[in-house]
Amino acid sequence: MLITGASRGIGAATAKLAAADGYSVAINYCHNSQAAERVVQEIVGAGGKAIALPGDVSQEGDVIAMFEQLDQQLGAITHLVNNAGILARQARLEEMDSERLNRVFSINVTGSFLCAREAAKRMSKRHGGEGGAIVNLSSIAARLGAPDEYVDYAASKGAIDAMTIGLAKELAEEGIRVNAVRPGIIYTDIHASGGEPGRVDRLKSSVPMKRGGESEEVAQAILWLLSDQASYTTGSFIDVSGGRI
Ligand code: NAP
């Protein structure tokens, strides 16, 4: 299994849970090699199999090199989690320049497409593979739109929803299931990168369950969608948002 952006947050929690379930996992990261190495060590220390793979998912060369490393070190990929994603600082439309927009869309959308492409080439029965499963990280923001915070991010997750539906249909006959998880507000570093580390606590009273979520709660949904228990599920979405929809 390859999990993009697995050095921290939801990706790291997914990697640990997947390894405990018996998957060999590749932990992709962009900058934070120490955090990725810590996840690897934790998994290996618990008797699992994990490697760290650097690469910026928005860079085609990095993605191709990452999959080649994966082929060599773990063998043919069977499961992909398109988890790497960013948001920029909270801003209104007037403050959004093209540099920001291109960064958000290239990491969140282009990156997910590039990784899905490389995974599908290897998994697809049309190309001699044995099938597989892909889970994309969308967001409840795709529905709510994230006004006054990051409409660009929300729109990138709307693109992930459309990608999930389209690829699920395109790849179904080739043995590849494609689904997505839409987290609500989850305690990770991503809110600090938007300029508000305390965002989850500020908003938690607006969540029907009156709390933020934990990365492990999102990871459980991802792992179910990847598993054979979800063998007839494709083009589907699980909202993991405490009822905030
Ligand atoms: P996070 O804590 O900020 O972690 C982001 C991860 O992505 C890190 O491992 C980071 O690697 C990696 N990353 C960033 N840019 C990358 C790039 N260009 N190429 C490869 N890896 C890259 O994020 P998170 O909250 O766990 O979010 C994970 C996913 O869930 C994202 O797609 C996010 O949009 C989605 N989501 C999160 C929430 C939430 O409330 N947390 C809600 C809805 C959806 P480095 O450590 O190397 O920087």
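Just so you know, all these numbers are worked out from the coordinates, no wet-lab data involved. Model, not experiment: these values are computed from the prediction. Cβ placement follows ideal geometry from the backbone for every residue including glycine, while neighbour counts extend to all protein chains displayed.
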* Condition met for Ser24 (among the hydroxyl-bearing types (Ser, Thr, Tyr) and within 8 Å of the ligand (Cβ to nearest atom)) -> no
* Go through the residues of segment 198-213 one by one and say whether even a single one is surrounded by fewer than 16 Cβ atoms within 10 Å (Cβ to Cβ), under 20 Å from the mean Cα position of the chain (by Cα), outside any loop (DSSP other than H, G, I, E, B) and of a type outside the set (Asp, Glu). => no
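Got a sec? Which of Ala192, Ala159, Ala146 is within 13 Å of the ligand (Cβ to nearest atom) and outside any helix (DSSP H, G or I)? Spell out the reasoning first.
Values: Ala192 fails: outside any helix (DSSP H, G or I); Ala159 fails: outside any helix (DSSP H, G or I).
Answer to the check: Ala146.
If I ask for residues that are buried (at least 18 other Cβ atoms within 10 Å of the Cβ) and more than 9 Å from the ligand (Cβ to nearest atom), which ones from segment 70-89 would you list?
Within segment 70-89, the subset buried (at least 18 other Cβ atoms within 10 Å of the Cβ) is 70, 74, 77-88.
Selection gives Leu70, Leu74, Ile77, Thr78, His79, Leu80, Val81, Ala88.
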* Looking only at helices (runs of 4 or more DSSP H) that fall completely inside segment 1-107, which ones have 2 or more residues that are in contact (Cβ under 8 Å) with a residue 60 or more places away in the chain, under 24 Å from Pro183 (Cβ atoms) and in contact with a helix residue (DSSP H, G or I) (Cβ under 8 Å, 6 or more places away or on another chain)? -> 9-20
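Do you know which of the residues in segment 171-188 that are in a strand (DSSP E or B) and away from the ligand (no atom under 16 Å from the Cβ) is nearest to Ala219 (Cα to Cα)? Give the steps one after another, and end with the answer.
Looking only at segment 171-188, we keep the residues that are in a strand (DSSP E or B), and these are 176-183, 186.
Next, only the ones that are away from the ligand (no atom under 16 Å from the Cβ) stay: 176-177.
Values: Ile176: 20, Arg177: 18 Å.
The selected residue is Arg177.
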* Asked: Out of curiosity, is Leu114 within 12 Å of the ligand (Cβ to nearest atom), under 16 Å from the mean Cα position of the chain (by Cα), surrounded by 20 or more Cβ atoms within 10 Å (Cβ to Cβ) and part of a loop (DSSP other than H, G, I, E, B)?
  -> no
